[in-house]
Amino acid sequence: MSWAGFDPFYGTSLAENLDKKLLVILRDGRKLIGILRSFDQFANVVIEDAVERIIVGEQFCDVSLGLYIIRGENVVLIGELDPAREELPSHMQRVSYKMIEEARKAEREATELKGSMRKRMEFLDLE
Amino acid sequence: MLFFSYFKELVGKEVTVELKNDLAIRGTLHSVDQYLNIKLENTRVVDQVKYPHMLSVKNCFIRGSVVRYVQLPPDGVDIEILHDATRREARGD
């Protein structure tokens, strides 16, 4: 990035990852996979052919998103996907969007149920 | 600048970075910058089963703002040098 004058990225440049297939994890827990086309000092990134990989338990589903600009403040991690390795464990099943949404709903309801049951037990002061 | 310099000294060491989203990643510190963004090499996730999507990730860039802890090797720091640097920084050197 020397053409930009002072190099604000001394040490950790994302330049090495340009045009590579990357995994971007966002603060809201979303996992996006795509090709890094651009970045800046705030870690704003441009991802081409972005795909959101939704994982629930042993099932997953990929949703195509196209060309994305991600604001840097939402970025948690940018990981380089090793093309020589499997992206996911082989026991995981690819399912349709409808199925993964149902699985997500079921998981959410299960967590809510656990939470509400815990609240009801709180008055017992067992600990 | 103190922690930036400190992390520069640790380049090449094995560290575990724990993020605010509870993800913990172990790897070799490759580089760091003024925002304390971290680049790790040879990464493996501490709880691999919980994070299957990280299976093929071997190098990663971690935004400084999402780091909760950086766990260091016990011999990772010369306490005396760190103390001196801290005193100098506090004096506004």
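Computed from the coordinates by the stated procedures, all read-outs in this text should not be read as laboratory data. Quick caveat, the model's predicted, so the values are computed rather than measured. A quick note on method: Cβ atoms are made from the backbone with ideal geometry, for glycine too, and the neighbour counts reach across all protein chains shown.
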Under Karplus coefficients 6.51, -1.76 and 1.60, residue-wise ³J(HN,Hα) of region A:117-125 in Hz, glycine/proline x: 5, 4, 4, 5, 7, 4, 5, 5, 6
Mind checking region B:3-67 for trypsin sites (Lys or Arg not before Pro) that DSSP puts in a loop (not H, G, I, E or B) and that have at most 14 other Cβ atoms within 10 Å? B:13, B:20, B:50
May I ask for the angle, rounded to the nearest 10°, between helix B:79-90 and the longest principal axis of chain B, with both axes built from Cα atoms and the value confined to 0 to 90°? 70 degrees
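Of all beta bridges DSSP finds with both residues in chain A, what is the antiparallel percent, to the nearest 5? List each step's numbers first, then the result.
Numbers: 26 of 28 bridges.
Counting DSSP beta bridges with both partners in chain A, the antiparallel share is about 95 percent.
With the cut-off at 22 Å, tell me which of the pairs A:21/B:8; B:8/B:39; A:21/A:98; A:31/A:119; A:20/B:58 have Cα atoms farther apart than that. Before the final figure, lay out the partial values.
Values: A:21/B:8 28 Å; B:8/B:39 12 Å; A:21/A:98 26 Å; A:31/A:119 31 Å; A:20/B:58 13 Å.
Exceeds cut-off: A:21/B:8; A:21/A:98; A:31/A:119.
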Taking beta carbons within 10 Å but only from partner chains, what does the mean come to for residues A:70-81? 6
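Need one number for the protein assembly as shown: average projected area of the convex hull over its C-alpha atoms, nm².
Details: hull surface 67.9 nm².
Reported value for the Cα convex hull: 17.0 nm².
What's the longest uninterrupted piece of chain A once you rule out the trypsin sites (Lys or Arg not before Pro) that are loop residues per DSSP with at most 15 other Cβ within 10 Å?
A:86-127
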What does the average come to when, for each residue of peptide B:33-39, you count the partner chain Cβ atoms lying within 10 Å of its Cβ? 6
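For chain A, take the alpha-carbon Rg, divide it by the Kirkwood Rh, and send me Rg/Rh. Display every interim value, and only then the final one.
On the way: Rg = 19.5 Å, Rh = 17.3 Å.
Here the Rg-to-Rh quotient is 1.13.
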